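To start, the structure under review is shown below, and the notes come after it.
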Amino acid sequence: MGNIESSILSVTRSQGKAADSVKQLSAHDKQVLEAYKHTHELNSANPFGSGYLYPYLKDLSNLSAQERLALLLYGDEYAQADAVYKLARLDTVEPTHSLREFATCVCKQAMARYWQHPEIYTESWFVDWILTRPQNSLVCMYATTLNNEGTQDTFSVLDEENRDMTDMHLKKWLKATSTPGGITQKAWQQWWKESTVFREFVDIALRTTELITQITKERDATNRKIINRVAENNLHSPQMLKPDIEYIFGIGNQKPQALLSPCIAWVICQELPSDSRIKWECVYSSKRDGRSWSTFQNAIENRGSVLLLVREKHANDNSPREFGAYLDSELTRKPTWHGTSDNLLFTIDPNSTTVFTIFRTTGFNDHYQYFNYATKTLPNGLGVGGQMGHFGLWIDSDFMHGCSNTAATFESKQLSTRAEFDIDTIEVWLVKPSKHLDEIDGSDKTKKSAMDANPDAVALLEMANRTMYSKMVREPEKDSS
């Protein structure tokens, strides 16, 4: 690494020289990058090198030293926008790269760092979702502007009352992002200014690319602090047990089994309270644990904050959707509504221009969650939002059927393709354990369970997927007096 570091130092020291030294600077860059390429080969063992961004970093001759520094600094918004525009090769006379291609590489690099996993499958809908953020303020440009056929750079405001017009502009925008040369520099600057999500991904991707970090290594302390300043909540993924990591990412050549993909987890995690982003555990999966209401009920009841994911069965010509809910308050068997306003609903529809939609509580009512079973007069199942019999999301206790309707509680639309759907897969992640679980794991840990004396019987019951009601029952404390 000595040759690389000395070459980088030469690049850094050249930053104050006149414009006629750019050719010499470019030669240094090529030398550095060649050494870097041989030292850090692009393979899965090195997810934090240039990795997925190597096609864009292999030749930085079109960027000045100041522009390279601008890639990592928040100081001048337009300088940073122009530098990334050049890095993405969107400014060439005969462009060969599209914004979508660059965004895909940025997402893979950032997600590999976020999850600290070498191979991330970046789903197409996820790139679409990033490219169309934020829809509440960003808007898509007219086709004449995007295709460089007109002179007017105007954003049309997203209008929920005119969804067809909004969808039309979003489709034009996505088409332009997939076309080399489809984004003008002015359009890029407008979008960059609004798109905090994409800027965040670029930030994580570049700051975790060793070469870019090394180029700025010798800058003064102030710049170094700015360059290294990345919000921890956006750099560290939730802790997971090894089986859950393998369940999400797959083992070897096996495909991932979980509904919760790394992309879904990233989007949801950013929406949760900070104390629900720390450690996640898959407590139930119908694929893994079998389809059973009692198993499901025991996995979620009084456990803490949970993330519920549902995949519906294929319905007619429509592709099955995935949707779900975050329930901040622990689920308690009650004949009434309970929960908190931190709950949310979400749906993923890759065929829609909105792609991933999250619905938060509106304050219209307090129908946040309903959980009941083994009753004759009230609904048996799990409901989120809406009214009795007209839930925003409903999972029936028969564990075969569910329904979704518009709900004023979240101002949510129908999450599934049809109001009544058949359940294909259900998955639950415990994202914040209840305090009483911590007490059981802590102070009560030394007390014996009623089943501790029969480990063989416990093992047989677990293999048979039987509920063990007395497992958590502990001996009473002895009177010290």
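For this structure, a couple of remarks:
- Building the convex hull from the alpha-carbon atoms of the stretch 305-356 and averaging its projection over directions returns 4.9 nm².
- Dimensions in Å of the stretch 362-403 - Rg and Dmax from alpha carbons: 10.3, 32
- Full-stretch length increase - His117, Thr196 - with 0.36 nm per residue and alpha-carbon distance subtracted: 26.0 nm
- Label-point gap, in nm, between Asn380 and Ser124 - each point 7 angstrom along Cα→Cβ: 4.2 nm
- Computed in the context of the full set of protein chains, the accessible area of the stretch 285-355 at 1.4 Å probe radius has 40% of its extent on carbon or sulfur.
- Theoretical gain in end-to-end length, Asn298 to Thr336 [0.36 nm per residue, Cα-Cα removed]: 11.7 nm
- For the stretch 236-311, accessible area per residue (1.4 Å probe, heavy atoms of protein chains only), Å²: 42 Å²
- Taking 18 Å as the limit for the C-alpha separation, the pairs Lys108/Lys193; Lys108/Lys432; Lys108/Lys287; Lys242/Lys279 exceed it in the case of Lys108/Lys193; Lys108/Lys432; Lys108/Lys287.
- The stretch 252-358 shape via C-alpha gyration tensor axes, a/c threshold 1.5: rounded
- Solvent exposure of the stretch 346-435, expressed per residue, is 40 Å² of accessible area, with all protein chains present and a 1.4 angstrom probe.
- Full extension of the chain between Lys186 and Arg288 gives 31.7 nm of extra length, using 0.36 nm per residue less the Cα-Cα distance.
The values are calculated or read from the model by the stated rules, or taken from the named source; none is laboratory data. Note that the coordinates shown come from a computational prediction; the quantities given were computed from them, not determined experimentally. Note that each Cβ is placed from the backbone with ideal geometry, even for glycine, and that neighbours are counted across all protein chains shown. All accessible areas refer to the heavy atoms of the entire protein, side chains included, with ligands and DNA or RNA removed. Shrake-Rupley method; radii C 1.70, N 1.55, O 1.52, S 1.80 Å.
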